[in-house]
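This report concerns only the one structure given below.
The values are calculated or read from the model by the stated rules, or taken from the named source; none is laboratory data. Values in this document were obtained by computation on a predicted structure and should not be read as measured data. We place every Cβ from the backbone using ideal geometry, glycine too, and count neighbours over all the protein chains shown. Just so you know, the surface numbers come from the protein's heavy atoms only, side chains and all, with ligands and any DNA or RNA stripped out. Shrake-Rupley method; radii C 1.70, N 1.55, O 1.52, S 1.80 Å.
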Amino acid sequence: MPAIRENGYAQPVGEPVAGWAPRPYPPRTAMQGRFCRVEPIDPARHAEELFEAYHLAPDGRDWTYLPSEELPADLPWFRDQLMKYAASNDPLHFAVIDAGTGKAVGTCAYLRIAPDHGVIEIGHIAWSPLLQRRPASTEAMFLMMRRAFDELGYRRYEWKCDSLNAPSRRAAERYGFTFEGVFRQALVTKGRNRDTAWFSIIGCEWPEIRRAFEAWLAPENFGADGRQRRGLAEIRLAGHG
């Protein structure tokens, strides 16, 4: 561990980050995969498709931990909301487009973007039933990670959720995030307390996580029925892609 001298005393400090420079801000451009495309939110193109896709859900339980109280009941209101999303730089919102149908089936965003430190968070994830538990949902997360790490050179990628949101916590672990702890009484949301669970992937972990994603997404990992042959966590734990 390196140290510096302060008032005659050696003080421990973090390891130097050689050649560090602030990272670029994420661009508003599309990311293309095999199962989906992730593109900047466009209310004119995406509002009606997303509204219809979200309303395929049997109830509003998927919105319990989202900022909105329930499923959007009114298309004009929802279009206005997407206009606010499209105008925002942080969060920077994207729509997930199903490669087979060409329709928008979910949204996600980069947020708490800190180029000076190379830190970025993924959040505002709202998958419709057309995207949940589909290969495209995993690929969308991979495309967002790949841009942050490989294209832009960020060194820390964060995932945060309500500590009571068990599906979100399981998803973070499946994708390869490391649980870092719970920030108690972090927020008041919808008039209720929220303890926030923190997860992250850091740069030195990304190459192995990327190889696992690539192996999972490979055509040979899916049978004729479209089902996976090996799970993402299984591939990662095996130590090879």
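Averaged per residue, the chain has 54 square angstrom of accessible surface, using a 1.4 angstrom probe with ligands and nucleic acids left out. Find the relative contact order for region 46-130 and round it to a whole percent, using C-alpha pairs within less than 8 Å whose residues are 6+ positions apart. Once divided by the residue count of region 46-130, the mean separation gives 30 percent. Farthest toward the dipole's positive end in region 107-241, which of 143, 203, 177, given Cβ charges of +1 (Lys, Arg) and -1 (Asp, Glu) about the Cα centre? Of 143, 203, 177, it is 177. Amide H contacts of residue 36: 99, each under 5 Å away and 5 or more positions distant or on a separate chain (H built 1.01 Å from N in the peptide plane; Pro and chain starts excluded).
Taking the 1.4 Å solvent-accessible surface of the chain as the whole, the part contributed by carbon and sulfur is 52%.
Can you tell me the equivalent ellipsoid semi-axes for region 48-87? Use √(5λ) from the Cα gyration tensor, largest first, whole Å.
On the way: eigenvalues 60, 32, 12 Å².
Calculated on Cα positions only, the semi-axes equal 17, 13, 8 Å.
First select every other residue whose beta carbon is under 15 angstrom from the beta carbon of residue 20; then total the charges, Lys and Arg +1, Asp and Glu -1.
Working: positive: 23, 155, 156; negative: 15, 116.
Computed value for this residue: +1.
What does the highest-first list of 177-190, 120-133 look like by mean Cβ count within 10 Å? Each step should come with its number before you reach the end.
Numbers: 177-190: 12.6, 120-133: 19.6.
Ranking, from highest mean packing down: 120-133, 177-190.
Rounded, prolate or oblate: which fits region 115-187, taking a ≥ b ≥ c as square roots of the Cα gyration tensor eigenvalues, rounded meaning a/c under 1.5, else prolate when a/b beats b/c? Cα axes put region 115-187 in the oblate bin. Amide hydrogen proximity for residue 163: with H placed 1.01 Å from N in the peptide plane, the residues at 5 or more positions away or on another chain lying under 5 Å are 195, 196, 197.
Distance from a point 7 Å along Cα→Cβ of residue 195 to each backbone N in region 136-178: keep the residues under 15 Å and list them by number. Under cut-off, by backbone N: 161-166, 169. In region 34-128, which trypsin sites (Lys or Arg not before Pro) fall in coil by DSSP and have 15 or fewer other Cβ atoms within 10 Å? Hits after loop and neighbour filter: 34. Only one of [x] 16.0; [y] 20.3; [z] 15.0 was calculated from the structure for mean projected area of the Cα convex hull in nm², and its label is [x].
Spin-label model, residue 132 to residue 238: label points 7 Å out along the Cα-to-beta-carbon direction sit 2.9 nm apart. Model label sites at residue 83 and residue 228, defined 7 Å from Cα along the beta-carbon direction, differ in position by 4.0 nm.
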